[in-house]
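Please treat every number below as a calculation from the coordinates, not as lab data. Since the model is a prediction, treat every value here as computed from it, not as a measurement. With ideal geometry, Cβ positions are generated from the backbone for all residues, glycine too; neighbour counts draw on all protein chains shown.
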Amino acid sequence: MEEKTMVADTLEGINAELKKYADMIPQTENKELKQTLKQFRNAAEMSQEQIYSIAREKQYYIPAAKATEDEVSHVRNLFC
């Protein structure tokens, strides 16, 4: 398996994990469990950022172009 594929698969797995935490945390009434899930989520976010940085450095991932000021203003107006 190529390194690029492994990095992409890892990012996909971490992103799926983050979505699960986003679903579970607000549904949990137990404060200790909620705090534990938040800690797991934070650790997963840190891992995601590290893997993302590696992908960017190796040019496995090229982000979309930055939004223009007009595009940002348009989206702000939609929600304000």
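Packing around the peptides 18-31, 65-78, 41-54, 1-14, taken as the average count of other Cβ atoms within 10 Å per residue, puts them in this order, highest first: 41-54, 1-14, 18-31, 65-78.
Spherically averaged projected area of the convex hull of Cα atoms, the chain: 7.7 nm². Backbone phi angles across region 40-51, fed through the Karplus curve with coefficients 6.51, -1.76 and 1.60 (θ = phi - 60°), yield HN-Hα couplings of 4, 4, 4, 5, 5, 5, 5, 5, 4, 5, 5, 5 Hz in residue order; Gly and Pro are listed as x. Summed over qualifying helices (DSSP H, 4 residues or more, each -39500 (n - 2.57)) and divided by its residue number, the chain shows a 222 nm mean residue ellipticity of -26000 deg cm²/dmol. Within the same chain, lysines fewer than 8 places from residue 34 are excluded, and of the rest, those with a Cα less than 23 Å from its Cα are 19, 20.
3J(HN,Hα) along region 60-76, derived from phi through the Karplus expression 6.51 cos²θ - 1.76 cosθ + 1.60 where θ = phi - 60°, amounts to 7, 9, 10, x, 5, 4, 5, 5, 6, 4, 4, 5, 5, 4, 4, 5, 4 Hz, with x in place of Gly and Pro.
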